[in-house]
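The values are calculated or read from the model by the stated rules, or taken from the named source; none is laboratory data. Note that this is a predicted model, so its numbers are computed, not measured. For neighbour counting, all protein chains shown are included, and Cβ atoms are generated from backbone atoms with ideal geometry for every residue, glycine included.
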Amino acid sequence: MPTHLSRVRINNFRNFKSLDLPLAASTVIVGENKVGKTNLIYALRLVLDPSLAELARTLRAEDFWDGLKAPFQGNVIEIAIEISGFDGDKAATAILNDCLVGKKPSLARLTYQFRPRAAIEPAKAGALDYEYSVFGGTDEKNRVGPDVRRWISLMALPALRDAEGDVQNWRRSPLRPLLEALQIDPNRLEAIAKSLTKATKELLSEKPIAKLADEISERISEMVGGVHGVEATLGLAPTAADQLLRSIRLFVDGDKTRQLSEGSLGSANIIFLALLMQSLDARRSASEIVSTVLAIEEPEAHLHPQVQRLLFRYFLHREHPVIVTTHSPNVASVAPVESLVLLRKSSKGYSVGCATSEIAFTDGERDDLQRYIDVTRAEIVFAKGVILVEGAAEQFLLPAFAQCLEDTDGKALDLDRIGVSVCPVFGTDFRPYTKLLRGLGIPYVVITDGDPDTKDTKKSFAGIRRGTRLLPAASTRTSIKKLTDASKWPDARNNLAKAGIFVGQSTLEVELLADFSDEMKETYAELMGSDKSSVGFSKAVSKAAGADDPQEWSPLLRRIERRGKGRFAQRLATKIQGEEPPPYLLSALKMIQDLVKV
Amino acid sequence: MRDLHREYERLNHEQKEAVRSSGNTVVLAGPGSGKTETLVIKIAHLLSSDIRAPRGLACLTYNNDTVKEFRNRLAGFGIHPGRRVLLGTVHSFCLNCILRPFGSLVSERFSGGIRVAAEKQAGSLLEQAMDQVGLNETSSWVATRLTRLRRRIDCREDISGFAETDIQVLERYRESLETNGLVDFEEMVSSALRFVREEDWIPPLLAARFPWLIIDEYQDLGGPLHSIVTTLLEKTDIRVFAVGDPDQTIYDFTGASPEYLRALSERDDFRSISLRFNYRSGRRLIAASQAALAPSEPRDYQPAPDRQDEGEVFFINANDALENHASAITEQVWPEIRARGIPPEEVAILYRQKGTLLTLIQKSLVEEDIPFHAERDSRYPRAPIVQWLQDCAGISFAGTDFDDVTSEDVMRYFHAIAFAAGTTEIEPDLSLRTRVYEAVFSEKSPDMPLSEWLGEIDSTLSLTQILSAAPELSDDRETLSGLIADCAKGKPLGTHSLQDFARDGRVKGRTVLTTLHSSKGRQFDAVVLPGLIEGILPRRPWNRDTRSYGEPPPPVLSEDRRLFYVGFTRARKVVFLIFGNSFTNDRGYAVTLGASRFVKEIHRRLRSS
């Protein structure tokens, strides 16, 4: 892993009362508007950004966390970052050597503090009594100055920045360091400049052009007189040898006819980022810098979703520390699973954060989640609450059933509107998902089938066993072995329900028979369009209804599966909208509604 | 700014070799060989070629005076010590680059930071340990002996020659340091050695920050530093550039030994370069000094190729009384010095130690009205606070032309102590700057009495108050109050002026009277060496059985020889050797062992050439 920020702690700064976040080499920060994504980046800049003006490091009243009784008055704003992954990088070690808080592997800490000067009564300190310092390690006296930021820095690219302007402006252009680093023989440059001058002269001495130049001059002198001396001449780019490189322009097509300004905003952004990466790599290999963390804010602006995914798959998976804030599921969906940070407002008004980097996933779990997040466009990460279900059938039916409940405005409950996503795990392995959601602090419920099975004449429920294994603390679990004892089932189910795990009696479709057998028959008939099969389906329904033995359910389930469980549920959903579902589904819906209510 | 290329071109062949040498190097630098210049150019060269920022180097020197000298010379090349270039003494290197950054990660003992024991505190802990063991001696004597013992233990060397009680006292003393969460001066280096040896993660961190270690006066830095160096060499790819002269080892009593530098120069992974030219002394003096050093091992030092004067050596026989040594200075030496037009401040009278001889010399100088500065009597304490006060004093009558001290230098130190004391803020604000500026830059007369000036600056800057605020400043506070007390009327520094203080007593028109040890690293036009009698230099041991003085044991003889050599080689032009046949020792007995063998050897050598 490269030299990167591995933790940030923020106290009393803007949205943050006390935030403590582990970070990964690539970090993707998601969160709603105004939750403090930009402020988090700004906090990092206070410690690490060499381009941040000296004055900006002296904070103001509005930079203190709102929840304080008053700004200043002895309150201390503190931003501590930890850096790791630099063992073996001698230049980085040379810089961070006296800032260590951990060994093997080395861990360095830099802390920015905005605090009152030493005073007898700090509580009376006002703006003028405050100053900032940055120190390394744990000793406040071990101050570090701009020399550290010069080598190990953070470069922030604000949202909606003027990428086109930046590329065109010589001083800000990432093209500049690249061109300036080129070693071109000055004699060659001189020769090229001469021939350019010659060609320019030829062009300008073409009669019509020369005439036009005279006319313009005349017009100006008519307007303001010769005294104000505005001298206007026509020309091409400057042709002096030392100016030559500056006149190199980027074109956005192969024929060099369209300048960047004529391209789309999106292409300007892509070009800007490409140049930036190129110049950072060049500066690093020339030992001009040791490590630069790129912080890119909301890069999705102006970028086509496909391009977002391609671009950030590249960014987030290369050996370069990067922090991205985003609203875009397209960006989040290509982020490494352990790189996600979720910021949200706590009930007390300040923002809190959760990070996936410290969740202990197995390799298999990580791979599964990675693909899942990619394919589902990271929906699970953006949700306020999640209902984890087994498959597509629940995914279609639950939003429809939810409408039997009321939202706070007294309208039929719309899961989308309260930010609840129904996420199918396509199977029964809920564990990676619950780990992820717990790690991110996103409330969730799990709905799973009862799946009764009989072994050695002893009946038990695979669903209860599965649910029990999902409980985070072993102490709350009923022993799996005891679950063959029928008297334990209600208790086990209750315990699981309290933990948000809702286990049915049988299988979703069978559970629905009790109240919705007519709607199911109708659905089947619509999908098949033949009377004969409808008759068969009705028979299967009668056989399964009320039966305890899973053998009795299989004709029904086989028929539905033949049509596709998902497709069946999709059609059925239109018929049961707003109806009250079986109790375990209803409880799950009520619980998630409660959990997302803040 | 000085032009590095031009300065490099001015070096001689060997000096250039040393600068260009790309691997581990020992530079054997005799007296006057231009080693400091070579070192400074080496550093400038390394920083502009081999070592890419942000990596840097550490330059370790013998004491704070040499640190200052290096700081000034490096500034000439635009190099300022800081994060990338560490310039300091061995102790400050160990404390600031090893103990402070890593201490809390190594041991619980250092979790609250490194606390350095004030001298007084260390002294009383030592006395306690002595009481417990029942050792009844002057504690300062014991301290010196224990330093030597401690260094031997740390370097895993033989300690069989030490008394069991000494070992016990040392153990107790070290325990009490530990239980009090303290390190003393020596412990900084021992702990640093332990860190480097036992914590395998530390050497790579050091080598990453300092791919080069530049070490001056290697011969006098002692075993623990040598062990740190060899451990780093073994565990990392750090490169070492060590400069020194085994012949000038004079701190044997603290455990220094010429062997460490020799051992380094004999390693296979080291290249050894000898600087042959002596730019200080005339040909005759160079030849004579080599005779004094080791008649059997010629060093082949050469005078500068364009050197015209030969240099002179006077042999003055003071016969049988120490009084004659003193009167020889005023009656025989002084006319010669006047005749040569040598200014008094360019004359150094060097003696071995306090005692009858020194008293007699002082008396006769006073009687003959020869102005002198007796450094060891009235010497200003060596401490950062004093160095800073001296800079301030200099600025207050000579402005920043004084010794190239900048106002930022002055500000930096004051701010550092104020910050340590917690009485000031992170950055010096305007009012603090104004206060310092007013205190230091208000023009004073160079003749202002030192006591008056100290009183003034102490009250305008509240120095005593600031120094009392933090325990780690207590040594500085003691030093300051001691200095102020010594400046009172009738006290040793009572007559000193601002100028005396700023120039560390080396004031125009005053001859320097100091010890052979303190002459290290300095130079004078003329050097006067009185008391060259067998029994004084070299020392001769009293044998109780035979009731006679025996031959000095080889280590003692060799140490004294080096001490004499160092004194002799301070001279640019003239050396006065005052010898005698016998003397009366401090107990009143006449000791008649003849003239110092060193004088005889020189005499023989000069006569034969």
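What number of residues in the range B:530-571 are over 20 Å from the mean Cα position of the chain (by Cα) and part of a strand (DSSP E or B)?
Here the count works out to 10.
Can you name every residue in the range B:27-56 that is touching a residue at least 40 places away in the same chain (Cβ under 8 Å), part of a helix (DSSP H, G or I) and not hydrophobic (A, V, I, L, M, F, W, C)?
The answer is B:Lys35, B:Thr36, B:Thr38, B:Lys42, B:His45, B:Ser48.
Within the range B:8-26, can one find any residue that is among the aliphatic types (A, V, I, L, M) and in a helix (DSSP H, G or I)?
yes
If only one of B:Arg83, B:Arg10, B:Arg20 is touching a helix residue (DSSP H, G or I) at 6+ places or on another chain (Cβ under 6 Å) and among the charged types (D, E, K, R), which one is it?
Of B:Arg83, B:Arg10, B:Arg20, the one residue that is touching a helix residue (DSSP H, G or I) at 6+ places or on another chain (Cβ under 6 Å) and among the charged types (D, E, K, R) is B:Arg83.
Looking at B:Ala242, is it touching a residue at least 12 places away in the same chain (Cβ under 8 Å), among the small types (Gly, Ala, Ser) and within 14 Å of chain A (Cβ to nearest Cβ)?
Spelling it out, it is not the case that B:Ala242 is touching a residue at least 12 places away in the same chain (Cβ under 8 Å), among the small types (Gly, Ala, Ser) and within 14 Å of chain A (Cβ to nearest Cβ).
Go through the residues of the range A:368-380 one by one and say whether even a single one is in contact with a strand residue (DSSP E or B) (Cβ under 7 Å, 6 or more places away or on another chain), surrounded by 20 or more Cβ atoms within 10 Å (Cβ to Cβ), among the small types (Gly, Ala, Ser) and assigned to a loop (DSSP other than H, G, I, E, B).
No: the range A:368-380 contains no residue that is in contact with a strand residue (DSSP E or B) (Cβ under 7 Å, 6 or more places away or on another chain), surrounded by 20 or more Cβ atoms within 10 Å (Cβ to Cβ), among the small types (Gly, Ala, Ser) and assigned to a loop (DSSP other than H, G, I, E, B).
Within the range B:78-137, how many residues turn out to be among the β-branched types (Val, Ile, Thr), within 12 Å of chain A (Cβ to nearest Cβ) and either part of a helix (DSSP H, G or I) or touching a Phe, Trp or Tyr at 6+ places or on another chain (Cβ under 9 Å) (or both)?
Total satisfying the criteria: 2.
Looking at the range B:206-225 only, could you name the residues that are within 13 Å of chain A (Cβ to nearest Cβ) and either of a type in the set (Ser, Thr, Tyr) or more than 28 Å from the chain's Cα centre (by Cα) (or both)?
Result: B:Ala208, single match.
Please tell me if B:Val183 is of a type in the set (A, V, I, L, M), touching a residue at least 24 places away in the same chain (Cβ under 8 Å), closer than 30 Å to B:Asp300 by Cα and away from chain A (no Cβ under 14 Å).
no
Considering every residue within the range A:298-317, establish whether at least one is aliphatic (A, V, I, L, M) and closer than 27 Å to A:Arg150 by Cα.
yes
Given the condition under 22 Å from the mean Cα position of the chain (by Cα), part of a loop (DSSP other than H, G, I, E, B) and surrounded by 18 or more Cβ atoms within 10 Å (Cβ to Cβ), answer yes or no: does some residue in the range B:353-375 qualify?
No, that holds for no residue.
For a quick check of your reading: which strands (runs of 3 or more DSSP E) sit entirely within the range A:23-141 and have at least 2 residues that are more than 14 Å from chain B (Cβ to nearest Cβ)?
A:26-31, A:77-84
Return yes or no: is B:Phe253 under 26 Å from the mean Cα position of the chain (by Cα), within 14 Å of chain A (Cβ to nearest Cβ) and of a type in the set (Phe, Trp, Tyr)?
No, not satisfied.
When you scan the range B:397-431, how many residues do you find that are modelled with pLDDT of 75 or more, surrounded by 13 or more Cβ atoms within 10 Å (Cβ to Cβ) and within 14 Å of chain A (Cβ to nearest Cβ)?
7
Would you confirm, using the coordinates I've provided, whether B:Pro203 is free of Cβ contacts under 8 Å to residues at least 40 places away in the same chain, touching a helix residue (DSSP H, G or I) at 6+ places or on another chain (Cβ under 8 Å) and within 14 Å of chain A (Cβ to nearest Cβ)?
The answer is yes for B:Pro203.
Let me confirm something: among B:Val591, B:Val575, which residue is out of contact with any Cys (no Cβ under 6 Å at 6 or more places or on another chain), farther than 28 Å from B:Arg280 by Cβ, aliphatic (A, V, I, L, M) and not in a helix (DSSP H, G or I)?
Selected residue: B:Val591, the only one of B:Val591, B:Val575 that is out of contact with any Cys (no Cβ under 6 Å at 6 or more places or on another chain), farther than 28 Å from B:Arg280 by Cβ, aliphatic (A, V, I, L, M) and not in a helix (DSSP H, G or I).
Out of all the residues in the range B:2-25, is one or more within 22 Å of the chain's Cα centre (by Cα) and surrounded by 19 or more Cβ atoms within 10 Å (Cβ to Cβ)?
Within the range B:2-25 (the criterion being within 22 Å of the chain's Cα centre (by Cα) and surrounded by 19 or more Cβ atoms within 10 Å (Cβ to Cβ)), the answer is no, since none of the residues qualifies.
Out of curiosity, is B:Glu456 farther than 30 Å from B:Phe579 by Cβ and crowded, with 17+ Cβ neighbours inside 10 Å?
no
Could you please find all residues in the range B:475-507 being more than 19 Å from B:Asp401 (Cα to Cα) and part of a helix (DSSP H, G or I)?
Selection gives B:Asp475, B:Asp476, B:Arg477, B:Glu478, B:Thr479, B:Leu480, B:Ser481, B:Gly482, B:Leu483, B:Ile484, B:Ala485, B:Asp486.
Take the conditions outside any helix (DSSP H, G or I), more than 14 Å from chain A (Cβ to nearest Cβ), closer than 30 Å to B:Tyr565 by Cα and among the small types (Gly, Ala, Ser) and apply them to B:Ala263. Does it pass?
The answer is no for B:Ala263.
State which residue is nearest to A:Leu369 (Cα to Cα) when the search covers only the range A:416-428 and only residues that are in a loop (DSSP other than H, G, I, E, B) and without any contact (Cβ under 8 Å) to a residue 60 or more places away in the chain.
Per the criteria, the residue is A:Val425.
Out of all the residues in the range A:412-427, is one or more over 27 Å from the mean Cα position of the chain (by Cα) and more than 22 Å from A:Ser328 (Cβ to Cβ)?
Looking for residues that are over 27 Å from the mean Cα position of the chain (by Cα) and more than 22 Å from A:Ser328 (Cβ to Cβ), one finds at least one in the range A:412-427, hence yes.
Of all residues in the range A:439-449, count the ones that are out of contact with any Leu (no Cβ under 8 Å at 6 or more places or on another chain) and farther than 18 Å from A:Met591 by Cβ.
Result for the range A:439-449: 1.
Could you check, for the range A:563-574, whether at least one of its residues is surrounded by 15 or more Cβ atoms within 10 Å (Cβ to Cβ), at pLDDT below 90 and farther than 30 Å from A:Gly385 by Cα?
Taking every residue of the range A:563-574 in turn, at least one turns out to be surrounded by 15 or more Cβ atoms within 10 Å (Cβ to Cβ), at pLDDT below 90 and farther than 30 Å from A:Gly385 by Cα.
Give the residue that is nearest to the other protein chains (Cβ to nearest Cβ), with candidates limited to residues of the range B:41-67 that are in contact with a strand residue (DSSP E or B) (Cβ under 9 Å, 6 or more places away or on another chain) and among the β-branched types (Val, Ile, Thr).
If we take residues in the range B:41-67 being in contact with a strand residue (DSSP E or B) (Cβ under 9 Å, 6 or more places away or on another chain) and among the β-branched types (Val, Ile, Thr), then B:Ile51 is nearest to the other protein chains (Cβ to nearest Cβ).
With respect to B:Val26, determine if the residue is β-branched (Val, Ile, Thr) and modelled with pLDDT of 95 or more.
For B:Val26, the condition - β-branched (Val, Ile, Thr) and modelled with pLDDT of 95 or more - is met.
Residue-wise test of (1) hydrophobic (A, V, I, L, M, F, W, C); (2) buried (at least 23 other Cβ atoms within 10 Å of the Cβ); (3) touching a strand residue (DSSP E or B) at 6+ places or on another chain (Cβ under 9 Å).
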| site | (1), (2), (3) |
| --- | --- |
| A:Phe16 | yes, yes, yes |
| A:Ser26 | no, yes, yes |
| A:Ile29 | yes, yes, yes |
| A:Leu44 | yes, no, yes |
| A:Gly67 | no, no, yes |
| A:Pro71 | no, no, yes |
| A:Lys90 | no, no, no |
| A:Asp98 | no, no, yes |
| A:Gly102 | no, no, yes |
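Answer yes or no as to whether A:Ser153 is within 11 Å of chain B (Cβ to nearest Cβ), surrounded by 18 or more Cβ atoms within 10 Å (Cβ to Cβ) and hydroxyl-bearing (Ser, Thr, Tyr).
Spelling it out, it is not the case that A:Ser153 is within 11 Å of chain B (Cβ to nearest Cβ), surrounded by 18 or more Cβ atoms within 10 Å (Cβ to Cβ) and hydroxyl-bearing (Ser, Thr, Tyr).
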